[in-house]
Amino acid sequence: MAPVEGKPADAPCQEIVYRAEDPVFDLRRILPAPTNTDLDAGPYFCLGLVLGSDPDLGRDVTIHRLCVQGRDELSIFFAPGRHIDAFRQRAVAAGRRFPVTVNMGLDPAIYLGAVFEAPTTPLGFDELSIAGGIRNAPLRLVDGGSVEEKANASAAVVIEGVIDP
């Protein structure tokens, strides 16, 4: 069941908004990011559902840990062969920034749908439709406030950003 467009005014994920342009903005003070072991590269946001799109191929979501590198910077490891990495590579090849949203605090059906990757689903298949089928109701997506990408309207937290080539 394919996702549907929602209105930002009706999106819990946009009830409170912080902007990186604000001089006092600091991800490390807004959200908890644990360092789980002495071997971790730093504090991490865990179970972040990264949503990105390709103009020709469609939308993809994958689950990641994101390492907090600074007040407004995260790092992410893109495993080779994953669809989101193919989208990122296409953006880099075209000299474009790759806008993404990191959606956290989601309905478990969304995480279940997101784990379907190659070879189970073809490149460009929207795993959010699987989540809609599990829920028997379409997910609501809204436009990001600072990037040209969608976010899950019901997410507890959405981090918007771009991956630079």
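The values are calculated or read from the model by the stated rules, or taken from the named source; none is laboratory data. This one's a predicted model, so the numbers in the text were calculated from it and none came from an experiment. Cβ sites come from the backbone with ideal geometry, for glycine too, and all protein chains shown count toward neighbours. Ligands, DNA and RNA are excluded from the accessible area calculation, which covers all protein heavy atoms including side chains. Shrake-Rupley method; radii C 1.70, N 1.55, O 1.52, S 1.80 Å.
Structure values in brief
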{"read-out": "Hull volume in cubic angstrom per residue (convex hull over the Cα atoms of the chain)", "value": "121 Å³"}
{"read-out": "Overall form of the stretch 37-93 per C-alpha gyration tensor (a/c, 1.5; a/b vs b/c)", "value": "prolate"}
{"read-out": "Cα→Cβ-extended label distance, 7 Å offset, between residue 22 and residue 156, nm", "value": "2.0 nm"}
{"read-out": "In nm, spacing of pseudo-spin labels at residue 148 and residue 29 (7 Å Cα→C-beta vector)", "value": "3.3 nm"}
{"read-out": "Sites matching trypsin sites (Lys or Arg not before Pro) across the stretch 1-94 that sit in DSSP coil, with at most 10 neighbouring C-beta atoms within 10 Å", "value": "19"}
{"read-out": "Accessible area expressed per residue, the stretch 112-165, with surrounding protein chains retained (probe 1.4 Å, Å²)", "value": "47 Å²"}
{"read-out": "Helix-only CD estimate at 222 nm, as mean residue ellipticity for the chain, using -39500 (n - 2.57) per DSSP H run (n ≥ 4)", "value": "-4500 deg cm²/dmol"}
{"read-out": "Kirkwood Rh in Å, taken over all unlike Cα pairs in the stretch 1-72", "value": "15.1 Å"}
{"read-out": "5 Å-binned pair-distance histogram of the stretch 72-165 (Cα, whole percent)", "value": "3, 13, 20, 24, 23, 13, 4, 1"}
{"read-out": "Theoretical gain in end-to-end length, residue 77 to residue 90 [0.36 nm per residue, Cα-Cα removed]", "value": "3.0 nm"}
{"read-out": "Cβ-Cβ FRET estimate between residue 135 and residue 9, R0 fixed at 35 Å, reported to 0.05", "value": "0.95"}
